[in-house]
């Protein structure tokens, strides 16, 4: 998505766009390519936007999470309020996955946003189902994750679970929003039907708050997959908990940097967590506003953190291992990854 920096251009990095990849932490509404956002807002509303927004500058940091959230209200909500908004946005996001050779995706969409922008949930689910099938025809498996905002409260979470749990296209649920005052274990009753139905439950935890929220998600709610989880590094016992219970952590380095949840990209704990035996994966979170898609993020890790191709392979294997896939498809993806890695030696 971004032009490579001079450092990245000079580094001898393989073509990571050709690598078979997996992405487990990406929000639909924060994933369309900027060129598509520009074109859509110009076509629908006559708004002229720059080719490269100021928040793509290397040293840019959001002042706080509210400023970041305001980006969606300014650039995404107006688009989704048009009759063709969701259709256009979903198609562009799926095109990006296919072009990056992302073989497996857990794509989260916000249930409450569909309601807020006045769209039809039935229509959005239909569009998602159609795009899932189109992606499959191109060799990309997408699992749709229903995103629930914890700040709307437990009763609202229960409402959304009951409303969409039986939808075939919904493979799981994720609890997002501000963690402050909303530990994951508060939602144990709301998510009980999801566990009972055998669908995946994920939680954003340990991004905005300390490791205690990770513990609440793992021990209190019983999840096996954590979004972000950066604060785990502050507590060796939580690191051990993640390792011993084989919890998968969806790491989003540039997101954490741009939102000021880590001091700097160089200090992101992904390498420390990996070295401690925690199963980590690499993800882009909201590439529209952080400027790095999954391929870009991998290039950045190699060029700026000294990550090896073997590291990227191991982290991608972690994602495929926990993916919602039949064993034949999983084995095929892992074999494709192994072949690509072998060709890089």
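The values are calculated or read from the model by the stated rules, or taken from the named source; none is laboratory data. Because the structure is a prediction, the values reported are computed rather than measured. Quick reminder, even Gly has a Cβ in these numbers, built from the backbone with ideal geometry, and neighbours come from all protein chains shown.
Counting only residues that are surrounded by 21 or more Cβ atoms within 10 Å (Cβ to Cβ), without any contact (Cβ under 8 Å) to a residue 40 or more places away in the chain and touching a strand residue (DSSP E or B) at 6+ places or on another chain (Cβ under 7 Å), how many does the range 229-250 have?
Within the range 229-250, residues that are surrounded by 21 or more Cβ atoms within 10 Å (Cβ to Cβ), without any contact (Cβ under 8 Å) to a residue 40 or more places away in the chain and touching a strand residue (DSSP E or B) at 6+ places or on another chain (Cβ under 7 Å) number 3.
Only residues that are in contact with a helix residue (DSSP H, G or I) (Cβ under 6 Å, 6 or more places away or on another chain) and within 23 Å of residue 203 (Cα to Cα): list them for the range 125-144, please.
142, 144
Pick out the one residue from 131, 108 that is touching a strand residue (DSSP E or B) at 6+ places or on another chain (Cβ under 9 Å), modelled with pLDDT of 95 or more, buried (at least 21 other Cβ atoms within 10 Å of the Cβ) and in a helix (DSSP H, G or I).
Of 131, 108, the one residue that is touching a strand residue (DSSP E or B) at 6+ places or on another chain (Cβ under 9 Å), modelled with pLDDT of 95 or more, buried (at least 21 other Cβ atoms within 10 Å of the Cβ) and in a helix (DSSP H, G or I) is 131.
Looking only at the range 90-105, decide whether some residue is under 30 Å from residue 186 (Cβ atoms), modelled with pLDDT of 95 or more and either part of a helix (DSSP H, G or I) or more than 17 Å from the chain's Cα centre (by Cα) (or both).
no
Conditions first: (1) in a helix (DSSP H, G or I); (2) in contact with a strand residue (DSSP E or B) (Cβ under 6 Å, 6 or more places away or on another chain); (3) farther than 22 Å from residue 165 by Cβ. Residue 207 passes all but one, so which condition is the exception?
Answer for residue 207: the failing condition is (1).
Among the residues of the range 140-149, is any in contact with a strand residue (DSSP E or B) (Cβ under 7 Å, 6 or more places away or on another chain), surrounded by fewer than 18 Cβ atoms within 10 Å (Cβ to Cβ) and outside any helix (DSSP H, G or I)?
no
Determine, yes or no, whether residue 161 is touching a strand residue (DSSP E or B) at 6+ places or on another chain (Cβ under 9 Å), surrounded by 22 or more Cβ atoms within 10 Å (Cβ to Cβ) and either at pLDDT below 95 or under 25 Å from residue 270 (Cβ atoms) (or both).
no
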